[in-house]
Amino acid sequence: MLKIDNLHVRVAGREILKGLSLEAKAGEVHAIMGPNGAGKSTLGNVLAGREGYEVTAGTVEFEGQNLLELAPEERAAAGVFLAFQYPVEIPGVNNTYFLRAALNAQRRQRGEAELDSMQFLKKVREKLAVLHLKDELLHRAVNEGFSGGEKKRNEIFQLALLEPKLAILDETDSGLDIDAMKLVADGVNAMRDPARSFLVITHYQRLLDYIVPDVVHVLAEGRIVESGDRTLAHELEAHGYGWVAGRHAPAGAA
Amino acid sequence: MGAFLDSMLAGRDGLGGVRAEAAAALLRDGLPGPREEAWKYTSLRALEQRRYAPAPGEATDVPALAAFALPGVDGARLVFVNGVFQPALSDLQAAPGVEILPYREHPGQLDKDLEGHHGTGSADAFLRLNTALVEDGASIRVVAGADAGAPIHLVILGAPAAADLAWQLRLQVELGAGARLSLVEHHLGNDEHAHLGNLVANYVLGAGARLELLQVQDAGERATLIRRGSFHVGEDAQLAATTLEAGAQMTRHDFRVHLAGRGARLESRGVFVLHGRQHADTHMDVRHEARDTSSDVLWRGVADQRSRGVFHGAITIAEGADGADAALSNKNLLLSPQAEIDTQPALEIYADEVKAAHGATVGQLDEQALFYLRTRGIPLDAARRILVSAFCSAVFADLQPAVLRERLDELLATRLPQAGE
């Protein structure tokens, strides 16, 4: 599904990712954990195609194609979805209109028939129920005046509606209380599928109690320094990121 | 005398009365230059060198009625093609208490209205030009207490002719006490002509009257259009105006509102959407002249490619106009590094106990929002259109009926950046 090899990325002249490699197969859930400043959000942004992220070396393959040469909308149509750490408020753009425009734009790019408003609303109702979202959110402007929890749930709602092949969750748990986090996790778990992969980027182990990963990676200093099964997340929780850093001190350091 | 005034005034020696005065003043002072504050951002140098054939000229290609119909605008209709009233395309049937007099058929009425409202003391060159030469237009009068009902459609159309024409139109609209009128001023044309249109409109709203004015400016892409609207709003009278500026190569729109009676109210919503090398200059001049008057002005501007937009928003609260409440918001969006928007808010207050809020901004599309839309699969050009439409959405939000609002949203959408641009 996703193969990242020796990825180097500069942001504003500073190298943030320094040789990151990672492979996720269809159906797998990979957690990316790491301290602040390790490059976690950079990874999400560079995979989604945000401007200002300069790839200086390395490759990213998504289903056999070079992901890095695609525009953000082409990546979306190919099946890549980024749930934002800070979802953007767009005043004046109705949420329902936005969702339908997005879904139909993707379908057009894939050569599929667009959904009419009846078909679209039917799909929306199904997905709303799973996330316990209020209808009322559909009639408001995109994310405008949403609480932190509503914004994150709206991201997962979009994920459910757009049904991507690869979903990247960028610190979706940040700013959520335990109830909201459970709702978000329920939404994600309902989307787990043998044909769909997840990259769950998080600072804390807590979310991974609810979205149980197949693989846990530790991202530090711009690289994956350790990978393991779900128990690695618990070790990190117990010992802190310093524990990993100590085991992977650069050669020559004390 | 420059080529422009020469072509307009040569051989017009037989003018009398206010027309002669206006022509003489125009010849003496000429067109305003760049040192005049009101014309700082709009140069008339190119216009001064142009020559126009005198209107009326015969239009060669007049579109069918359906081409300018607007949904929900189904009252009386006055159609002017290249500045000439078209009885065959018009329908003057109106509600009881409404009198519509086309000046071409009622020249005596034009003389009376000119004498009464020729703008004594004003040094505006285009007002003088209009006063000197105008032969067409209409007076619309609604008697006290009458409701004119369905919107009256004033269609001002530019059509191809043998030469580029200059035309003058005059409009005199008077509402008696408590009268109601809905009026649509609709400019349109195609790019096969480069006429100059010069419209002077005077509105008088009696006590408690209400005027709903919709201005849809979709003139031909090579046309020059000068408009001057003066509104005298009486006690407790209301003016609700919605303005779309989308067409014309060069346009200047003066919108002068005198809130003259206690409790008089103005609500103005407007937007200009420019592309190519279009130039649109809007001057709002709102004068609070009586107690407890209020004004609420909300304008948006969008400029793409090499276009230039100017918005001058002046509010004056005169001495004694205590309790006045004035709000003006002008937000603008630049879609191209070559586009330019100049916004000049100006507030002068000579009264105590007033409320005045003033805000003007010029910015660019929010990159974060663009990226967000794109990550959901919406292509860049569509994402830009969605954000620009949203930016303008407040302007038409309250417009009724919904079918008319939708038509204007569509018209706006056709002027937004298209794929491949």
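Summed over both chains, the accessible area lost when A and B associate is about 1900 Å², using a 1.4 Å probe.
Nearest-5 percent of antiparallel DSSP beta bridges in the protein assembly as shown? List each step's numbers first, then the result.
Values: 33 of 188 bridges.
Just about 20 percent of them are antiparallel.
With a simple spin-label model that places each label point 7 Å from the Cα along the Cα-to-Cβ direction, the separation between B:D325 and B:R262 comes to 1.7 nm.
Approximating the spin labels as points 7 Å out from Cα along Cα→Cβ, the A:Y210-to-A:E61 distance works out to 3.6 nm. Contact residues in segment B:350-380 by the 20 Å² criterion (accessible area, 1.4 Å probe, full protein complex versus chain alone): B:Q368, B:A369, B:F371, B:Y372, B:L373, B:R374, B:T375, B:R376, B:G377, B:I378, B:P379.
In this simple spin-label model, placing a label point 7 Å from the Cα along the Cα-to-Cβ direction at both B:R51 and B:R12 gives a separation of 1.7 nm. Could you give the distance between the Cα centres of segment B:162-202 and segment B:272-299, to the whole Å? So the two Cα centres are separated by 18 Å. Across segment B:2-261, Cα pairs under 8 Å and at least six residues apart give a relative contact order of 16 percent. Full-extension gain between A:N36 and A:D193, please, as 0.36 nm times their residue separation minus the C-alpha to C-alpha distance. Separation in residues times 0.36 nm, less the Cα-Cα distance, equals 53.5 nm. Only protein atoms count toward the accessible area here, which uses a 1.4 Å probe; on the protein assembly as shown, the carbon and sulfur part of that area reaches 48 percent. Accessible surface comparison of A:E155, A:E51, B:E21, probe 1.4 Å, protein chains only, largest first: the order is A:E51, B:E21, A:E155. Taking a point 7 Å from the Cα of B:R277 along the Cα-to-Cβ direction, the residues of segment B:9-47 with backbone N closer than 17 Å to it are B:42-47.
Rank these by accessible area, largest first, 1.4 Å probe: B:K331, A:K134, A:K152.
Largest to smallest exposure gives the sequence A:K134, B:K331, A:K152.
Near B:A290, within a Cβ-to-Cβ distance under 9 Å, what is the net charge of the other residues, with Lys and Arg +1 and Asp and Glu -1?
Summing Lys/Arg as +1 and Asp/Glu as -1 gives -1.
Once the chain from B:Q400 to B:D91 is taken as fully extended at 0.36 nm per residue, the excess over their C-alpha distance is 109.0 nm.
Counting only DSSP H runs of at least 4 residues, each contributing -39500 (n - 2.57), and dividing by the residue count of chain B, the helix-based mean residue ellipticity at 222 nm comes to -6000 deg cm²/dmol. Distances between placed amide hydrogens fall under 5 Å for A:E28 paired with A:F198, all partners being 5 or more residues away or on another chain. For segment A:67-124, what does the alpha-carbon gyration tensor say about shape, rounded, prolate or oblate, given a ≥ b ≥ c as the root eigenvalues, a/c under 1.5 as rounded, and a/b over b/c as prolate? Since a/c reaches 1.5 but b/c is at least a/b, the shape of segment A:67-124 is classed as oblate.
Taken per residue, the accessible surface of the protein assembly as shown reaches 40 Å², heavy atoms only and a 1.4 Å probe. Estimated purely from DSSP H runs of n ≥ 4, each contributing -39500 (n - 2.57), the mean residue ellipticity at 222 nm for chain A is -11000 deg cm²/dmol once divided by its residues.
I'd like the GluC sites (Glu not before Pro) in segment B:104-166 restricted to DSSP loop residues with at most 10 other Cβ atoms within 10 Å, sorted by number. It would help to have the intermediate numbers written out before the result.
Values: sites: B:E105, B:E115, B:E135; in loops: B:E105, B:E135.
For GluC sites (Glu not before Pro) across segment B:104-166 that sit outside H, G, I, E and B with at most 10 neighbouring Cβ atoms in 10 Å, the list is empty.
A Cβ-based charge dipole, computed about the Cα centre of segment B:244-317 with Lys and Arg at +1 and Asp and Glu at -1, lands at about 80 debye. Qualifying trypsin sites (Lys or Arg not before Pro) in segment B:16-55, where qualification requires a DSSP coil assignment and no more than 10 other C-beta atoms within 10 Å, comprise B:R35.
Would you mind classifying the protein assembly as shown by shape? Square roots of the alpha carbon gyration tensor eigenvalues, ordered a ≥ b ≥ c; an a/c under 1.5 is rounded, otherwise it is prolate if a/b is larger than b/c and oblate if not.
prolate
Taking the chain by itself as reference, segment A:34-54 contains these residues with an accessible-area loss of 50 Å² or more in the full protein complex (1.4 Å probe, heavy atoms): A:R50.
The values are calculated or read from the model by the stated rules, or taken from the named source; none is laboratory data. The model shown is predicted, which means the values in this text are computed figures rather than measured ones. Please note: Cβ atoms are built from the backbone with ideal geometry, for glycine as well, and neighbour counts cover all protein chains shown. Remember, those area values only see protein heavy atoms, side chains included, never the ligands or the DNA or RNA. Shrake-Rupley method; radii C 1.70, N 1.55, O 1.52, S 1.80 Å.
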